[in-house]
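These notes concern the structure reproduced below.
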Amino acid sequence: MFLANGVTAPLIDAEESRVKNTLDETLMQQIRGGDHQAFATLVGRHMEALHGFAQRLLGNPADADDIVQETFLRVWHKAEKWRPKSAKVSTWLHSIVHNLCIDFHRRDKGETVNIADVELIEPHLPDDSRQQEEVAVQVKAALQQIPESQRRAIILCHYQGMSNREAAQALGISVSALESLMARGRRKLRNILQTQVADLLGEL
Amino acid sequence: MNQQNRTHKTQMTRERFSQLLDAYGGDAKRWPIEERAAALLLVEQSEEARRLQQSALALDSLLDSVQISQPSTKLRQRILAKAHHHTEQVQDAWQWFIQWLIGTTPREHILRPAFALVIPLLLGIVIGFNLASLPEDENRWVEEEINLLALGHKE
């Protein structure tokens, strides 16, 4: 899309393959210089994970689309703010999503959709699938009931696969504070789900 | 000492193991790398540790049941198009500025670049006079601020 006209196909392939194998840190240096191909690679590499993070924080894929778009546009406009040795690029991107989601919540306070109220679209699921769907809805609702700080910590470590240090860095807290948030969050989830899911799956 | 040796020498108490499960769940790949080997050793040796791990895994599996939607197919194109559009706007602004600077008449060819050079000169003189009129302590503070900004240590 951003390549100059007249470049032959093998050259394009070689260029794409070079950029695809480039480290995130090198991509960021190239993005600082206005390299669109490097930016496209960074977007392709991190979009799905960031979208998942935003969606789990906000509970809505359409809002997550907006947050992810805004995140990458900030990266493009403010690439010079990224410091090579301060954090991994993925951690830095997660921090931007995290901050944008906090802003979004502040703007949108009181207008959140209660996920427990969302009806299942598929009316004729087999019994097993229906049960799984019901459990998923209960867990999703339970995640929305725990405090936001605890939810963020659980999402980063459990769903985003971040190490404790990376997650703590993304949230701007210490590793011990992160552990404490996750432990409290998981305990609350267990308490909420104990009664709701026990009916569906037996003892938790 | 390498990472592996260090992790094997870490002692894992039942209390710490329980804290690990409370925070990170039952899947060993989410446990802190420094404590993972010691925790797995405890799981091997202790029936109670295995029981606690199973209980934590049950909650993990519930969390895993929550699926999310993939980003919409047009999101990537939308992001790239917006970034491209922004670059074009910046380039347009630069082209406009250069065009203005050069001017269109022989008189403008001289006056406009001269005007553009005089502005930073005047600004420099004003800032210089203001800095010179500050008390010495405050002056040093301002200099430190300027140094930090120049070295990129300050947002």
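Take each residue of peptide B:16-24, count the partner chain Cβ atoms within 10 Å of its Cβ, and average: the result is 5.
Stretch residue B:97-residue B:57 to full length: gain in nm at 0.36 nm per residue minus the Cα-Cα span? Extending this stretch completely gives an extra 8.1 nm. If R0 is taken as 41 Å, the Cβ-Cβ distance between residue A:130 and residue A:105 corresponds to a FRET efficiency of 0.80. For the peptides A:77-88, A:178-189, the ranking by packing is A:178-189, A:77-88, with the highest mean count of neighbouring Cβ atoms within 10 Å listed first. Among the listed pairs A:140/B:82; A:78/A:140; A:88/B:29, which are separated by more than 29 Å between their Cα atoms? Long pairs (Cα-Cα over 29 Å): A:140/B:82; A:78/A:140. Model label sites at residue B:18 and residue B:86, defined 7 Å from Cα along the beta-carbon direction, differ in position by 5.1 nm. The candidates B:115, A:104, arranged from most to least accessible area with a 1.4 Å probe in the full protein assembly, appear as B:115, A:104. Net charge of the neighbourhood of residue A:87, taken over other residues with C-beta under 13 Å away and scored Lys/Arg +1, Asp/Glu -1, is +2. Stretched out straight at 0.36 nm per residue, the stretch from residue B:43 to residue B:126 would grow longer than its current Cα-Cα span by 22.7 nm. Over the heavy atoms of residue B:126, what accessible area does a 1.4 Å probe trace out, to the nearest 10 Å²? Accessible area of residue B:126: about 80 Å².
The mean count of C-beta atoms from other chains within 10 Å of the C-beta of residues in A:40-48, rounded to a whole number, is 3. With a 10 Å cut-off around each Cβ of B:55-67, the average count of Cβ atoms from other chains is 6.
The local environment of residue A:25, defined by Cβ-Cβ distances under 12 Å, has a net charge of +3 under the rule Lys, Arg +1 and Asp, Glu -1. For the range B:13-104, trypsin sites (Lys or Arg not before Pro) meeting the loop criterion (DSSP other than H, G, I, E, B) and having at most 16 other Cβ atoms within 10 Å: B:74.
Placing pseudo-labels 7 Å out from each Cα toward the beta carbon at residue A:176 and residue A:29 gives an inter-label distance of 3.8 nm.
With a Förster radius of 41 Å applied to the C-beta separation of residue A:85 and residue B:11, the computed FRET efficiency comes to 0.80. Neighbours of residue A:150 by Cβ distance under 9 Å: Lys/Arg scored +1, Asp/Glu scored -1, total +4.
The values are calculated or read from the model by the stated rules, or taken from the named source; none is laboratory data. Predicted, not measured: the structure shown is a model, and the values here were computed from it. Reconstructed Cβ throughout: ideal geometry from the backbone, glycine too, with neighbour counts over all protein chains shown. Ligands, DNA and RNA are stripped out before the accessible areas are found, and what is left, the full protein with its side chains, is counted by its heavy atoms. Shrake-Rupley method; radii C 1.70, N 1.55, O 1.52, S 1.80 Å.
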